[in-house]
Every structure is written in C-alpha cells, then in structure tokens.
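The block underneath contains the structure these notes are about, expressed in structure tokens.
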Amino acid sequence: MQNLYSRIRILLVIALLSGFFSVNIIASPTSLRVEPPFWWSGMHNKELQLVVHAKDVATTTVKMEYEGITIKSLDKVENPNYLFITLELSENIQPGSFNISFIEGKKERYKYKYEIRSRKQGSAQRKGFDQSDVIYLLMPDRFANGDPNNDSQPGMLEKADRKNPSGRHGGDIKGIVQNLDYIRNLGVTGIWLNPLLENNNEAYSYHGYAITDFYKVDPRFGTNKDYVDLVDAAHQKGLKIVMDMIFNHCGINHWFINDLPLKGWIHEFPNFTRSNFRAESLTDPYGAEADRARMLTGWFDTSMPDLDQRNPFVKNYLIQNSIWWIEYADIDGIRMDTQPYPYKEMMSEWAQRVFDEYPNFNIVGEAWMQRESMTAFYQKDSKFGNGYNSNIPSITDFPLRNAITQAFIEPEGWTEGMARIYYVLAQDFLYAHPFNNLIFADNHDLDRFYTSIKGDTDAWKLAMTFLLTTRGIPMIYYGTEYLAEGEEHKGHGEIRKDFPGGWQTDSLNYFTASGRSPIQNEAFNYLQNLLKWRSTNKAVQFGKLKHFIPQNGVYVYFRELDNKKVMILLNNSSDAQSVETERFKESMKGVSRGRNIIGNKPFTFRNTILLEPRQALVIELETE
Ligand code: CA
C-alpha cells in the first residue's frame, strides 16, 4: 500500500505543479471494493445501489442468488473498473448473506460476500435531537488522546505532530469515551463531533472535512466499531450523538477520485477553480449565472474535489451513505456541512429519503449566511422557497450569532446592544421553524467567543444566559466552559487548541475543578448550573417566547408552556436599573413570586425590579 500512496502523492504533486485541475490520476484498483459494504432488511426504500470497484470488473458477468433480491439494473460507465448494481429488495427479505460472483469466461474473477442484516429494534422510530437538547461541539483530534499508540499509522500520509497547530495532535474516540462523564456533568445532552471518517491527506487532515473513505472511521481516531461503542456509551449516559457529514466535496485522495468512474462525477476545470463562497448569490433575484455556477461547481479547496450531486450515481451513493451511518452507528442526528454548496434539489431529496426511513430524526444544515432571510430559505418549509423545500428541519443561526458577539460589549443604542438581538429575533417571521434553529456563540470556524467579547466575563455570563433561555437548540463549542481564547485570522489551530488535560503529558488539566483557575471555575459553574436547570425545564426548552423592546439596556422576555413560565431579565447596562413590573403584566397574571435560577434563591416581585449592573435574572415564576 505504501508504494501506491507514494505514487499517488508524486502524481498529485505533478498535477498541482502543472496547474492541471481536472483529476486524471489513474491508480488501478488492487482489490475488490463494494459499497455500501452491507445493508439491512426492512428498510423503507426497497432499492439499493451497489458501487463495485475492481480492475476491469465491468467486463465480468454478475451472478448472485438470494430470495427476495433481484437485480433491477446493471450499469457500466466509462471506466471499466466500475459497476453500478441496483438491487430491488422485497418487503419480507430475511437477514442473511450471499455471494456476489463476478465471472470472466468460466472463471470467477472476484467474489463478495454480501450481508443483509436485521435492524435494531425501534431503529426507524429513533428520536433525533431537539429543543430539549444542548449540543456540545468538539473536534476529535483536539479533545483527548485516549490512545497515544494510534496517533500515527503506517500507510497514512500525515503523522502526528502536536507542535504544528495545523497538524494532527492525536485526539481520538477513546479519549472522548473516557471523558463522557465530564461532558454529561457539564449538563449538555448531546455531542456534535467534527468528522471522524478517514482523511488520508498530506496535511490539514485533522479537521476531517476532506474524506477519503466514506465508510471508514480514520484509524487515527479508532475503528468503526470504536465509533459504534462511543455512541452506545454516550446513549447509556443520556447523551445524543450528532454526526458531521459532507456531501459537497471529498478529499483529493479519495479512492474514487484516484480512479474516476465517469465524467460528471466531480466538477472539473482546466485550471483550478475555487468556489466564490457566496451562497447568497443562489437566492439573489438579480444573481448572475456565472456567480451561481462558480458557487456551486468551484472547489472548496485544492484538496477538496467538488462532487456533482446531479449525477444519479453520486446522489444515491451519498444518500445511502448517510442512511448507512444512521443505521449502523445508531446516531441521533446529522450536521450537514456547507448545505447551500451541493445542488439544492439533491439536498431536498436526500433529507426526504432520510425522513422516509426515520420520521423522528433531525438534521441541522450549516447555512453560513449573512442575513436572516437567506438563512430561512434553507430551512424546511421555507415560505420563500418559491416551490423549493429543503426538507432540513434545523439550520445554523449565524445572524443571531453575529448579534450575540456584538450586543454584550457595546453601549446601548437604537440598533446597538440588546436592540441588536431584539432586531434579529423580531425577524423570525421569515423562518418556518425558528425554534429549530441551532443557536451558538462560536464554533470551530469562528473566533472563540471569549475573544470576541474581549475577555469580558460579565458579557460572557449575559450571553450564555441568553443562549440557554431564548428560542432554538443551543450549541456550545468545547472550551467555552473554561473561557478558551483564540482568533480565527491567526489560523484555525488557534481556535481548535487541545483541551488541556486531554494528553497525558499536559501540565494543566481543565477536566477537573482543581485544574481550572478560579475565574474558569466561576464560568464553568455558571454554565453548568444553567445547563442542568435547562435540561429539566420544559418551558425554557419548548415554551413560546414573548419579549419586550429593550429599554435602558434591559432586555426582558418570557418562555411559557402550559402553566410553566420563566422570566428572563438581562441588564446589559453598566448601571443599576430598576424596571416597572407593570409593563410586563400581560405575562405575569397571578404572579407574585418565583425562584431565581442564578443563585437559586426565592424571588419576590414588587412594583419595581432592581437589577445590578450587568446582572442576569432567570426566574421560574410561581402562579397562585
Ligand atoms: Ca491517539
């Protein structure tokens, strides 16, 4: 294998040097590959597309026999090393296995034992993450190194180098499993893991967004079974797992890129052509076709070939892959990378097919847009789709994130401070399902939140209080709980630093209270208190939202469900403020007291409520 990789590497370097950006690196397959490697009985969709890859496999005759399976079509493409076999599975097909034989003349040239597995009980009814959850985002390479022996692997191009901010640092699945109690104890209810699948690339392979095998966990993180065990262990602790998937592109060293099946598998150009990253052009009524084409077909990076999801083979390959991982690993949700970048018709069909199999599942699409309206377009049932429906229930709320990073560190104004948040939420009429928005203060691509707010701990507390009490599904990026800092423009390594204590040689250990500084513990405890309370309060999770126009830097809102009510008061002003209770009477009928969650103290209402400078109150209301 090492020789093959070296050869690919040399050819790749030649290709890069010659500026030749249609991929034409031909590497003959050395063995038979069939994907998906196995499937299940009793799935909603009765069709199954197998991609078969082996030297000259298209010249063979396919023979297989299994009760309840028929070959619907057998497609040969330009490259004789591929066969696409579409199977039809009957309703009552029994679990079992059978041989697929590839015959040449009278000789069996290849053989694959295909397995039809039985589904886990209740698999189709699995419940995806929702507003009751708070998702913790972590980058597996940077969280904890549970197995230092797997950091570098023979046959894999990039070796571990912890001194390189852009290199692999050795974090792995075992490290996550070892710290599940820490994550659960923080009070979150789910984990979104940046991609874990194989990224056998020369550099920057740690982040996982240049996949070279869609069916295999990267050995530097662990095995497929390790991943399944992680999901199982997380479930036992009451934590959901959200898997990160990418349909827009794959890694340049993906096996099917090294031996392309046909023209139209990826977008090819005479010279390297990068996407313009302007997803806004797609919904722009005045958008130029040239801009839209560049957005959709340009490559994300030189190392990331852009897949053509209009090709039915590519489309089925990706859709089946996502369903395979849900069924195989028992995950609770998908985070789809770069949602606007693949063709939107394919994304809609994909989501529909996932929900046909799992009606109660959830998907969040990364729609990194600058405005509310453009974000709303990518959510299921958009009112402005003009006939288009993405079928994706949840989308990333970047407009709200942008407001959060500014609102708590600037003086109040007509459109500044709390008004900034007010104006974002006041546009929720644009969204079909605003309560399904994924809300956050930062993520793996953005300045660390504590840096955005210039290390202002009061602003941090106000923002975290807001994030965990407003509408939506909150997401917390690892490190937020210990006030991690980092600026994106200095390199992604700065915002994806190793979790101190995740490596045996670390001198600091932020996994324990004694390892954290007093100010870090203050932040951790503040967040933990809110998270644990949020996980028990249905009104703050699902309740309707009513907010009052901010006045003098004070933003007041209510969450209400059935007879449960929560009142939140955020004083963003650096002065003490007193607010008249009378103004909120439409939401306070029969209320005279409550309990302030922050500090866990009884709270008695009088005609005025006094707020200390930059104080947050979260009051569970008691009605008489
Ligand atoms: Ca490791």
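The values are calculated or read from the model by the stated rules, or taken from the named source; none is laboratory data. A quick note: this is a predicted structure, and the numbers were derived from the prediction, not measured. Note that each Cβ is placed from the backbone with ideal geometry, even for glycine, and that neighbours are counted across all protein chains shown.
Do any residues in region 38-59 that are farther than 20 Å from VAL314 by Cβ have Cβ atoms under 7 Å from those of residues that are crowded, with 19+ Cβ neighbours inside 10 Å and of a type in the set (S, T, N, Q), where the two are at least six apart or on different chains, and which pairs are they? Partner pairs satisfying both residue conditions: LYS55/ASN81; ASP56/ASN81. When region 143-166 is filtered for residues that are assigned to a loop (DSSP other than H, G, I, E, B), of a type in the set (Gly, Ala, Ser) and within 13 Å of the ligand (Cβ to nearest atom), the ones remaining, listed by number, are ALA144, GLY146, SER152.
Every residue, every condition in (1) without any contact (Cβ under 8 Å) to a residue 40 or more places away in the chain; (2) within 16 Å of the ligand (Cβ to nearest atom); (3) within 20 Å of the chain's Cα centre (by Cα); (4) in a helix (DSSP H, G or I), yes or no:
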| site | (1), (2), (3), (4) |
| --- | --- |
| VAL177 | no, yes, yes, yes |
| ASN185 | no, no, no, yes |
| TRP192 | no, no, yes, no |
| HIS235 | no, no, yes, yes |
| GLY238 | no, no, yes, no |
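If you go through region 472-489 one residue at a time, how many are free of Cβ contacts under 8 Å to residues at least 60 places away in the same chain and either in a strand (DSSP E or B) or hydrophobic (A, V, I, L, M, F, W, C) (or both)? Lay out the reasoning, then the answer.
Taking region 472-489 first, the residues free of Cβ contacts under 8 Å to residues at least 60 places away in the same chain are 479-480, 482-489.
With either in a strand (DSSP E or B) or hydrophobic (A, V, I, L, M, F, W, C) (or both) added as a condition, the list becomes 483-484.
Adding up the residues that qualify gives 2.
Mind listing just one residue for me: the one in region 439-471 that is of a type in the set (Lys, Arg) and assigned to a loop (DSSP other than H, G, I, E, B) and, of those, nearest to the chain's Cα centre (by Cα)? It would help to see each step written out before you state the result.
Here is the first cut: in region 439-471, the ones of a type in the set (Lys, Arg) are 448, 454, 461, 471.
Now narrow it down to the ones that are assigned to a loop (DSSP other than H, G, I, E, B): 448, 454, 471.
On the way: ARG448: 18, LYS454: 27, ARG471: 19 Å.
Among those that are of a type in the set (Lys, Arg) and assigned to a loop (DSSP other than H, G, I, E, B), it is ARG448.
Screening region 533-624 for strands (runs of 3 or more DSSP E) wholly inside it with 3 or more residues that are within 31 Å of the chain's Cα centre (by Cα) returns the ranges 544-551, 554-561, 564-571. Within region 116-134, can one find any residue that is part of a strand (DSSP E or B), away from the ligand (no atom under 16 Å from the Cβ), under 25 Å from TYR328 (Cα atoms) and among the aromatic types (Phe, Trp, Tyr)? Among the residues of region 116-134, not one is part of a strand (DSSP E or B), away from the ligand (no atom under 16 Å from the Cβ), under 25 Å from TYR328 (Cα atoms) and among the aromatic types (Phe, Trp, Tyr), which makes the answer no.
Being assigned to a strand (DSSP E or B) and touching an Asp or Glu at 6+ places or on another chain (Cβ under 9 Å), is that true of even one residue in region 431-438?
As a first pass, look at region 431-438 and keep what is assigned to a strand (DSSP E or B): 438.
Filter once more, so that each one left must be touching an Asp or Glu at 6+ places or on another chain (Cβ under 9 Å): 438.
Yes, that holds for at least one residue.
Scan region 209-222 for residues that are within 16 Å of the ligand (Cβ to nearest atom), closer than 25 Å to PHE129 by Cβ and surrounded by fewer than 23 Cβ atoms within 10 Å (Cβ to Cβ) and the total you get is 0. Selection of first residues in region 298-315 that are closer than 13 Å to PRO342 by Cβ and among the small types (Gly, Ala, Ser) and of second residues that are surrounded by 19 or more Cβ atoms within 10 Å (Cβ to Cβ) and at pLDDT 95 or above, restricted to Cβ pairs under 7 Å at least 6 apart or on distinct chains, gives the following pairs, ordered by first then second residue: GLY298/SER275; GLY298/ASP306. Scanning region 383-412 for residues being assigned to a loop (DSSP other than H, G, I, E, B), surrounded by fewer than 24 Cβ atoms within 10 Å (Cβ to Cβ) and under 21 Å from the mean Cα position of the chain (by Cα) gives a total of 3.
Quickly run through region 598-616 and pick out the residues that are among the small types (Gly, Ala, Ser) and modelled with pLDDT under 95. Explain how you work it out, then say what you get.
Of region 598-616, the ones among the small types (Gly, Ala, Ser) are 599, 616.
The one that is among the small types (Gly, Ala, Ser) and modelled with pLDDT under 95: GLY599.
Can ILE326 be described as hydrophobic (A, V, I, L, M, F, W, C), part of a strand (DSSP E or B) and under 20 Å from PRO36 (Cβ atoms)? No.
Residue pairs whose Cβ atoms lie under 9 Å apart, separated by 6 or more positions or on different chains, with the first residue in region 133-160 and farther than 20 Å from ASP506 by Cβ and free of Cβ contacts under 8 Å to residues at least 24 places away in the same chain and the second among the acidic types (Asp, Glu) and within 13 Å of the ligand (Cβ to nearest atom), are LYS159/ASP151. Applying a threshold of 6 Å to beta carbon distances and a minimum spacing of six or more residues, or different chains, the list of pairs starting in region 200-229 at a residue that is more than 21 Å from VAL34 (Cβ to Cβ) and modelled with pLDDT of 95 or more and ending at one that is within 14 Å of the ligand (Cβ to nearest atom) and in a helix (DSSP H, G or I) reads TYR206/ASP141; ARG220/ASN150; PHE221/PRO140; PHE221/ILE173; GLY222/ILE173; ASP226/ILE173.
Could you grab the pairs with beta carbons closer than 7 Å, sequence gap of 6+ or different chains, first residue in region 265-293 and without any contact (Cβ under 8 Å) to a residue 24 or more places away in the chain and closer than 21 Å to ARG310 by Cα, second one in a loop (DSSP other than H, G, I, E, B) and of a type outside the set (Phe, Trp, Tyr)? Here the result reads ASN276/GLY298; SER281/GLY287; ASP291/ASN276; ASP291/ARG278, each pair linking region 265-293 to a residue that is in a loop (DSSP other than H, G, I, E, B) and of a type outside the set (Phe, Trp, Tyr).
Against the test of being of a type outside the set (Asp, Glu), surrounded by 15 or more Cβ atoms within 10 Å (Cβ to Cβ) and either under 29 Å from the mean Cα position of the chain (by Cα) or over 30 Å from PRO393 (Cα atoms) (or both), the options SER123, SER118, SER97 yield a single qualifying residue, SER123.
Quick one: in region 338-378, which of the residues that are small (Gly, Ala, Ser) and under 23 Å from VAL424 (Cβ atoms) is nearest to the chain's Cα centre (by Cα)? Looking at residues that are small (Gly, Ala, Ser) and under 23 Å from VAL424 (Cβ atoms), I get GLY365.
Condition test on TRP368, is it in a loop (DSSP other than H, G, I, E, B) and either surrounded by fewer than 24 Cβ atoms within 10 Å (Cβ to Cβ) or in contact with a Phe, Trp or Tyr (Cβ under 8 Å, 6 or more places away or on another chain) (or both)? When the stated conditions are applied, TRP368 passes them. Pairs linking a residue in region 490-519 that is assigned to a helix (DSSP H, G or I) to a residue that is of a type in the set (Asp, Glu), with Cβ atoms under 8 Å and 6 or more positions apart or on different chains, are HIS492/ASP445; GLU494/GLU487; GLU494/GLU488; ILE495/ASP442; ILE495/ASP445; ILE495/ASP447; ILE495/GLU487; ILE495/GLU488.
Tell me which residues, restricted to region 520-538, are in contact (Cβ under 8 Å) with a residue 12 or more places away in the chain and of a type outside the set (A, V, I, L, M, F, W, C). Explain how you work it out, then say what you get.
First, the residues of region 520-538 that are in contact (Cβ under 8 Å) with a residue 12 or more places away in the chain: 520, 522-524, 526-535, 537-538.
GLN520, GLU522, TYR526, GLN528, ASN529, LYS532, ARG534, SER535, ASN537, LYS538 - these are the residues of region 520-538 that are in contact (Cβ under 8 Å) with a residue 12 or more places away in the chain and of a type outside the set (A, V, I, L, M, F, W, C).
If I ask for residues that are farther than 15 Å from PHE398 by Cβ and in contact with a Phe, Trp or Tyr (Cβ under 7 Å, 6 or more places away or on another chain), which ones from region 423-455 would you list? Passing the criteria: TYR450, ILE453. I want to confirm something. Restricting to region 100-115 and keeping residues that are touching a residue at least 24 places away in the same chain (Cβ under 8 Å) and under 34 Å from the mean Cα position of the chain (by Cα), which single residue is nearest to ASP56 (Cα to Cα)? Among them, the one singled out is TYR112. Could you tell me whether ARG335 is of a type outside the set (Val, Ile, Thr) and either surrounded by 20 or more Cβ atoms within 10 Å (Cβ to Cβ) or more than 22 Å from the chain's Cα centre (by Cα) (or both)? Yes: the conditions hold for ARG335.
On the stretch given as region 223-255, residues that are among the aliphatic types (A, V, I, L, M), under 25 Å from VAL52 (Cβ atoms) and crowded, with 23+ Cβ neighbours inside 10 Å total 2. Mind checking whether some residue in region 70-90 is in a loop (DSSP other than H, G, I, E, B) and within 24 Å of TYR328 (Cα to Cα)? Within region 70-90, one or more residues are in a loop (DSSP other than H, G, I, E, B) and within 24 Å of TYR328 (Cα to Cα).
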